[in-house]
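K.L.:
One structure follows; several queries about it will come next.
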Amino acid sequence: MNRDQLNMVPAHSTIQTAYAALSGAQDSPAAMQVMGIAVLFHEVCSSLQLDPSEMLDKARRVRRHAEDHYSIELRALSQYIEQEFRK
């Protein structure tokens, strides 16, 4: 993996990818979805030797950019998460 690409991911596509990951897990109970995604994040970081804290910082930057330019998509993702995990 080209680590420089992690600094250039398009916010819109990243939001769509996050939504797709959630959609793939939606048939599992909410607690399992959250832990499954957490385990996936951990394994991706471990396998690719990425610093989880650094990745979360990068995710925050993508999110801030999305708030300015893709607020509808980001709001839809947030609402999906809220509705899915209140079951």
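The values are calculated or read from the model by the stated rules, or taken from the named source; none is laboratory data. It should be emphasised that the depicted structure is a prediction, and the values quoted were computed from it without experimental measurement. Neighbour counts run over all protein chains shown; Cβ positions are idealised from the backbone, glycine included.
Residue by residue, here is whether (1) hydrophobic (A, V, I, L, M, F, W, C); (2) exposed (fewer than 10 other Cβ atoms within 10 Å of the Cβ); (3) part of a helix (DSSP H, G or I) holds:
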position: Asp4; (1), (2), (3): no, yes, yes
position: Ser23; (1), (2), (3): no, no, yes
position: Leu40; (1), (2), (3): yes, no, yes
position: Gln49; (1), (2), (3): no, yes, no
position: Arg64; (1), (2), (3): no, no, yes
position: Glu73; (1), (2), (3): no, no, yes
position: Ala76; (1), (2), (3): yes, no, yes
position: Ile81; (1), (2), (3): yes, no, yes
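K.L.:
List the residue pairs whose Cβ atoms are under 7 Å apart, where the first residue sits in segment 7-21 and is assigned to a helix (DSSP H, G or I), the second is of a type in the set (Phe, Trp, Tyr) and modelled with pLDDT under 90, and the two are 6 or more positions apart or on different chains.
P.N.:
Ala11/Tyr70; His12/Tyr70; Ile15/Tyr70; Tyr19/Tyr80
K.L.:
Out of the residues in segment 8-21 that are of a type in the set (A, V, I, L, M) and out of contact with any Leu (no Cβ under 7 Å at 6 or more places or on another chain), which is surrounded by the most Cβ atoms within 10 Å (Cβ to Cβ)? Show your work before the answer.
P.N.:
To start, the set of residues in segment 8-21 that are of a type in the set (A, V, I, L, M) comprises 8-9, 11, 15, 18, 20-21.
Pick out the ones that are also out of contact with any Leu (no Cβ under 7 Å at 6 or more places or on another chain) and you get 8-9, 11, 20-21.
Working: Met8: 7, Val9: 15, Ala11: 19, Ala20: 9, Ala21: 14.
Restricting to residues being of a type in the set (A, V, I, L, M) and out of contact with any Leu (no Cβ under 7 Å at 6 or more places or on another chain), the top hit is Ala11.
K.L.:
Further question: Those residues that are under 19 Å from Asn7 (Cα atoms) and either at pLDDT 95 or above or among the β-branched types (Val, Ile, Thr) (or both), I need them from segment 17-41; list them, please.
P.N.:
Thr17, Phe41
K.L.:
Scanning for something at pLDDT 95 or above and either aromatic (Phe, Trp, Tyr) or in contact with a Pro (Cβ under 9 Å, 6 or more places away or on another chain) (or both), does segment 45-67 turn up at least one residue?
P.N.:
yes
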